[in-house]
Structures are given as structure tokens and as C-alpha cells.
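*Asks:* Encoded as C-alpha cells, here's the structure I'll be asking about.
The values are calculated or read from the model by the stated rules, or taken from the named source; none is laboratory data. The structure displayed is predicted, hence computed values, not measured ones. FYI the Cβ positions are ideal-geometry reconstructions off the backbone, even for glycines, and counts take in every protein chain you see.
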Amino acid sequence: MNKIRTAIWDCDNTIWLHKKNEVDIMAGVLGITEVKEFSSEFYNMIIVFNSYFKDKKVTLKEMYKVIENEMPILFLYEISAEKFFSKWNENSYRLNDFNEDTICVMEFLKKKGIKIVVKSDWWRDVQISLLKRYRVLDYIEQLYSCDNDYLKCNPLSAKNIIVEGREDEYVIIGDSLLSDIAFAEHSGIKSIWFNPNCKENKTPFKPSCEVTSLLEIMQLF
């Protein structure tokens, strides 16, 4: 990692961790009592979102269509896709726990002269709100979101981030093999797989390094 000059961070399940009861919280916010059905549709919608936008830019209009198609339970409660999305974002801070190791690692990287940027497969305003709340926004020099852009699984997502010919100066830190580590492979950069639950890698994507704690990252530099 001696040549690294830019560390690209993922947000969800890296800088913050999704609570196990996040769906229960959202069901409560929306007044939905059929929690099991809501949970099934919610997680399926996330899967469809990633599949639907795999080869195209993400737009809010089409995001609403995905929600409408995959979460019919909302209409039983007269909840529009727009209202669901708004409430989801408004309550994002209740659905996550901050990974306290983040600040320590970012401070370490800054002292090493390494630039910190974020590449997120979610919406800019939501991520900025959380980054501010968790007191890490000041460490970040650039935030790349999914707003009218490609998801990390798409090779075109690296176009405005990675400088051609300087790939050995970048590393991405993230939890998703199909997103973060895939991004590293199609852009030709190094990757650090954050794998706190010691999951088995059953994908074709091979991270440069694997850590179970963000603090282990400091031992790599």
C-alpha cells in the first residue's frame, strides 16, 4: 500500500452498520403491521434496485418505479413511493449505528497524506446528512453518489474518480464483494474487503486485502 494516495470509502455497512431491526423501525414509522410481508418486499426491492440499475444511470423517477413495483404492501396503506422514500431517508439515522473506528482510521490516513473520498451507491443528500451527524464529513474531500450516475458494479462508475495511468495510487475500502471489490477489479485498483462477520467469498471478485475490523487497515500502510 506504499503507493496509495487516495482511499475510496464505502458508506453503508462500512462507515455505519445497518441495525438488525431496521425494517421493524421503518414499519413502525409507516404504521405497517404486516412486518413480515413488509420485510420481504423491502429486501427484495433492494435486490431489484441493484439489478435494475446495473447497466444504467440511477434516477429518482425510476427509483420510485422500482418501489411501486416491488412493494405493493405500501398501497394497502395508501403510502406512495415518494412518501416511503422520504420517510426512509428522514429516519436513516435511526436505522444505522456508526462504526466508531472510522474516525481513527481516517485520521491515520490523513496523517499519511492520503486523500479520502467516498463512492456511495445511495443518494447524496442522505449520505451527507449521515456523514455530518457522525462527524466524519470534514475528513472527506469528495463525495460521489448514485444521483444520475452509475452504481459501483458498472465499469463506467470509475470514469470521474480514477485517473488513468495512476491506478496504483488508489484503494477502495468496503464490505460488498459485488459492489466495492467489483469496482476495484474493473478499475484496476487495490481493494480492502471489510468483512467483520468472516463471510466466505463465493464470488469471482478477489480483494487485495481482507480485514475484520477497520482498525486493521492501519497495519497495511
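*Asks:* Among the helices (runs of 4 or more DSSP H) lying completely within region 20-74, list those that include at least 1 residues that are over 23 Å from Cys146 (Cβ atoms) and of a type in the set (Gly, Ala, Ser).
*Replies:* Ranges flagged: 22-30, 35-52.
*Asks:* If you don't mind, another one. Pairs needed: first member in region 126-149, not assigned by TED's automatic domain parsing to the domain that holds Val105 and surrounded by fewer than 16 Cβ atoms within 10 Å (Cβ to Cβ); second member anywhere, outside any helix (DSSP H, G or I) and of a type in the set (Gly, Ala, Ser); C-beta distance under 7 Å; at least 6 residues apart or different chains.
*Replies:* none
*Asks:* Looking at (1) of a type in the set (Gly, Ala, Ser); (2) more than 24 Å from Phe49 (Cα to Cα); (3) buried (at least 20 other Cβ atoms within 10 Å of the Cβ), find the lone condition where Ala184 falls short.
*Replies:* (2)
*Asks:* Residues that are touching a Pro at 6+ places or on another chain (Cβ under 7 Å), surrounded by 14 or more Cβ atoms within 10 Å (Cβ to Cβ) and modelled with pLDDT of 95 or more: does region 160-173 have at least one?
*Replies:* Scanning region 160-173 turns up no residue that is touching a Pro at 6+ places or on another chain (Cβ under 7 Å), surrounded by 14 or more Cβ atoms within 10 Å (Cβ to Cβ) and modelled with pLDDT of 95 or more.
*Asks:* Now, a different point. Is it fair to say Asp121 is surrounded by fewer than 16 Cβ atoms within 10 Å (Cβ to Cβ) and either touching a residue at least 12 places away in the same chain (Cβ under 8 Å) or over 28 Å from Lys57 (Cβ atoms) (or both)?
*Replies:* Criteria not met by Asp121.
*Asks:* Would region 65-88 turn up any residue that is under 22 Å from Phe194 (Cβ atoms) and either modelled with pLDDT of 95 or more or surrounded by 17 or more Cβ atoms within 10 Å (Cβ to Cβ) (or both)?
*Replies:* no
*Asks:* Here's another thing I want to ask about it. Of the numbered conditions (1) within 17 Å of the chain's Cα centre (by Cα); (2) farther than 18 Å from Ile114 by Cβ, Pro204 satisfies every one except a single condition; which is it?
*Replies:* (1)
*Asks:* Continuing with the same structure: In region 1-41, how many are aromatic (Phe, Trp, Tyr) and either surrounded by fewer than 16 Cβ atoms within 10 Å (Cβ to Cβ) or touching a residue at least 40 places away in the same chain (Cβ under 8 Å) (or both)?
*Replies:* 2
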